[in-house]
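*Asks:* I have a structure I would like to understand better, so I am pasting it below and will then ask my questions one at a time.
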Amino acid sequence: MFDHAADAMKQPDVIRLSEDIYVLRFEMMKLYSALTAVKTLLDRGEITPDTTLMDSSSGTYGYSLAMACHKYGLRCRIVCSTKVDADIRRQLEMLGATVDQIEIPPGPLVDKMDLGVRLKRIAHLLETEENVYWMQQYHNPVHYLGYRDCAEMLQKEFGGAPFTLVGGVGSGASTGGLTTYLRELNDDVELVGVQPFESVTFGSDPVEDPVASISGIGSPVPMKNVAYELYDRVHWIGYHSAIAATGDLFRRHGLYAGMSTGCNHLAARWEAARNPGRPCVFIAADTGHRYAQTVYAHPRVNDPIDALVPNTVDDLGQLAFPWSVMDWGRRTFEPKNPES
């Protein structure tokens, strides 16, 4: 029995899709990090019951933080992306969160400007508001802690056997946290990160996606929670390929999920084919309901994916649209800061 809906919602399911491919399917993955982060900060005395917790979000982290604040009786303020629709905003407000949704004039630069504008709004609020704590999902390592339980569950599920984990990089906390704790239990866990083009994380920012950049798994600014030395390989996937892979996942397996999951599905199929017999687990971070009018209504959602093949590259200078993959080799990296 659970004490709060958030505790039930965070629980994932492992679903076998084919001989070597599995999906770690969440209703809301970032509840793992938000719930543990908030409890840890309370236990440490870094926040009090009177503190307002604040962060920037394009959707899932904001919802998760609002749920965590609801559970622990804390005030919450979310600086929202332009992509947060009226339905999600209404839910955040009903949970008690104050919502600041940024405004950017429509145009080709809206995706690139989104996070930068959100961060400027946060900086203003920190200067003008009292007793506000910025959660910093992108930089604060407290967001790793919640994934220990999930790693232990995966370890039991596969009986300690070697496997490959595929996930969107984003802030780095989910794939980084899972892999950190998994490798404490099993030294043969490969980590494959998935990125969009135009992200400074892993250096694809010079390569433009002519359609749009996929939100949530990349970034226009460096994020300290990305531990580059954990990743064995990286896939960069374009917008239309992601749309097609998301639709394929639902048609083929009945898994209704978002576009980051579609990217992970595409990468996992390639990873499993190159290493038969080794289980490959990809992350489905949330359900597909908030993408019903965008991804699932897109004319490319029915495009076939069986013929899609990545460009295998050895150097970041060789990255090419619409899909590239490179052995990363657990090396470090220093992304460019566009503001420097």
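*Asks:* Could you count how many Lys pairs in the chain have their Cα atoms under 20 Å apart, skipping same-chain pairs fewer than 8 positions apart?
*Replies:* Final tally of qualifying lysine pairs is 17.
*Asks:* Which residues among the range 28-45 fall inside the zone where the amide N is under 18 Å from a point 7 Å beyond the Cα of residue 156, along Cα→Cβ?
*Replies:* Taking a point 7 Å out along Cα→Cβ of residue 156, the residues of the range 28-45 whose backbone N falls under 18 Å are 32.
*Asks:* Percentage of Cα-Cα pair distances in the range 32-134 greater than 24 Å, rounded to whole percent?
*Replies:* Looking at the range 32-134, the distances longer than 24 Å represent 22 percent of pairs.
*Asks:* OK, next. By counting other Cβ atoms within 10 Å of each Cβ, how are 290, 44, 300 ranked from fewest to most?
*Replies:* Neighbour counts put them in this order, fewest first: 44, 300, 290.
*Asks:* Taking other Cβ within 10 Å of each residue's Cβ, how do 233, 252 sort, fewest first?
*Replies:* By the 10 Å Cβ count, ascending: 252, 233.
*Asks:* Please check which bits of the range 190-210 a label hung off residue 320 would reach, taking the label as a point 7 Å along Cα-to-C-beta and the cut-off as backbone N under 15 Å.
*Replies:* Zone members listed by number: 207-208.
*Asks:* Please compute the Kirkwood hydrodynamic radius of the chain from all pairs of different C-alpha atoms, in Å with one decimal.
*Replies:* 20.2 Å
*Asks:* To test your reading of the geometry: what angle, between 0 and 90 degrees and rounded to tens, separates the Cα axis of helix 31-44 from the longest principal axis of the chain?
*Replies:* Once rounded, one gets 40 degrees.
*Asks:* Name the long-range amide H neighbours of residue 194: under 5 Å, sequence gap of 5 or more, or other chain; modelled H, no Pro or chain starts.
*Replies:* Under 5 Å from the amide H of residue 194 lie the amide H atoms of 167, 168, 169, 235, each far enough along the sequence or on another chain.
*Asks:* Test of understanding: what is the full-extension gain from residue 27 to residue 4, defined as 0.36 nm times their sequence separation minus their Cα-Cα distance?
*Replies:* That works out to 6.8 nm of additional length.
*Asks:* 222 nm [θ] for the chain, helices only, -39500 (n - 2.57) per DSSP H run of 4+, per residue, to 500?
*Replies:* Using -39500 (n - 2.57) per qualifying helix, the result is -10500 deg cm²/dmol.
*Asks:* Between residue 289 and residue 273, what length in nm is gained on full extension when 0.36 nm per residue of separation is reduced by their alpha carbon distance?
*Replies:* Difference between extended and current length: 2.8 nm.
*Asks:* Let me ask something additional. Taking other Cβ within 10 Å of each residue's Cβ, how do 323, 236 sort, fewest first?
*Replies:* In order of increasing Cβ crowding within 10 Å: 323, 236.
*Asks:* PRE reach from residue 333 (point 7 Å along Cα→Cβ): which of the range 193-219 fall under 16 Å by backbone N?
*Replies:* Counting backbone N atoms under 16 Å from the label point, the list is 193-209, 214, 216-219.
*Asks:* Oh, and also: Using DSSP, restrict attention to beta bridges with both residues in the chain and report what percent are antiparallel, rounded to the nearest 5.
*Replies:* Taking every DSSP beta bridge with both residues in the chain, the antiparallel ones total about 25 percent.
Quick note: the coordinates plus some simple rules give every number you see, no bench work behind them. Quick caveat: nothing in here was measured; it's all calculated off a predicted structure. Neighbour counts are summed over all protein chains in view; Cβ atoms, including those assigned to glycine, are modelled from backbone coordinates with ideal geometry.
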